[in-house]
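Structure first, then comments.
The values are calculated or read from the model by the stated rules, or taken from the named source; none is laboratory data. Please read all numbers here as calculations on a predicted model, not as lab measurements. Glycine gets a Cβ as well: all are built from the backbone with ideal geometry, and neighbour counts include every protein chain shown.
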Amino acid sequence: MLETREDFMNLEGGCSCGSIRYRLTATPLIVHACHCRDCQRITGSGFVINVWIEKEFVESNGAVPKSFMLKGGTGKDHEAFFCGKCGTYLWSRYDLAPGDALFVRAGTLDRPDALTPDVHIFTRSKLPWIELPQGVRAFETAYAIDQVWSAESKERLRRQTAASRATDADALR
């Protein structure tokens, strides 16, 4: 487990072949264990651990990830990014999520054990043999950010969406 804020800012990861490497330069906004059918299908697993973090705090080097568009369970677009050489699925961008954020696949971290999920989501489609830890926050579908996120994460999101709106307004002038 990570002990300090600085530990979060030193998390690194990459694809299986090493063509793409990345570093997280800030703490995640939140960490999800998502049990939706889309995540099960795209990962070939029972769930995925997603690190929700602003795109600006994911420094990538090496090859540029390729991407493809999917329709998520909500009907909204979901862009999946992967290594074009080995196919490792690195992160996603969801149209439904506010702000300019990525959902980094924790399994691609060099130290995936460094993070634990803050919440489990879409548990209505959780595989029956998966038992959630006692007392963990879990939601049958999504949740209200205001009711779950820390004050710090909500403020970061507020600042980012305000900056994005200002940039969009400038572009219209």
Any chance R105 is within 15 Å of C39 (Cβ to Cβ), touching a residue at least 60 places away in the same chain (Cβ under 8 Å) and among the basic types (K, R): yes
message: Show the residue pairs meeting these rules: Cβ distance below 9 Å; 6+ apart or different chains; first residue within region 49-74 and aliphatic (A, V, I, L, M) and part of a loop (DSSP other than H, G, I, E, B); second residue modelled with pLDDT of 95 or more and surrounded by 13 or more Cβ atoms within 10 Å (Cβ to Cβ).
response: A63/C15; A63/S19; A63/I20; A63/C83; A63/G84; A63/K85; V64/I20; V64/G84
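Is it true that F57 is aromatic (F, W, Y) and over 17 Å from A142 (Cα atoms)? Steps first, answer last, please.
Working: aromatic (F, W, Y): yes; over 17 Å from A142 (Cα atoms): yes.
When the stated conditions are applied, F57 passes them.
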Hits in region 126-153 - residues which are of a type outside the set (S, T, N, Q), more than 13 Å from E54 (Cβ to Cβ) and either assigned to a helix (DSSP H, G or I) or over 19 Å from the mean Cα position of the chain (by Cα) (or both): L127, P128, W129, I130, E131, L132, P133, G135, I145, D146, V148, A151
- prompt: Is it the case that some residue within region 82-98 is surrounded by 14 or more Cβ atoms within 10 Å (Cβ to Cβ), over 29 Å from E131 (Cα atoms), at pLDDT 95 or above and among the β-branched types (V, I, T)?
  reply: no
- request: Identify the single condition in (1) of a type in the set (S, T, N, Q); (2) modelled with pLDDT of 90 or more; (3) not in a loop (DSSP other than H, G, I, E, B) that S164 does not satisfy, given that it satisfies every other one.
  value: (2)
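For region 63-90, enumerate the residues that are in contact with a helix residue (DSSP H, G or I) (Cβ under 8 Å, 6 or more places away or on another chain), closer than 22 Å to P112 by Cα and not β-branched (V, I, T). First the steps, then the outcome.
Pass one, region 63-90, residues in contact with a helix residue (DSSP H, G or I) (Cβ under 8 Å, 6 or more places away or on another chain): 70, 72-73, 78, 80, 88-90.
Now narrow it down to the ones that are closer than 22 Å to P112 by Cα: 80, 88-90.
Of everything in region 63-90, those that are in contact with a helix residue (DSSP H, G or I) (Cβ under 8 Å, 6 or more places away or on another chain), closer than 22 Å to P112 by Cα and not β-branched (V, I, T) turn out to be A80, Y89, L90.
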field: Given (1) loosely packed, with under 14 Cβ neighbours inside 10 Å; (2) assigned to a helix (DSSP H, G or I), index of the condition G107 fails
entry: (1)
message: With the structure loaded, tell me whether F139 is aromatic (F, W, Y) and either loosely packed, with under 13 Cβ neighbours inside 10 Å or over 26 Å from R158 (Cα atoms) (or both) or whether it fails that test.
response: no
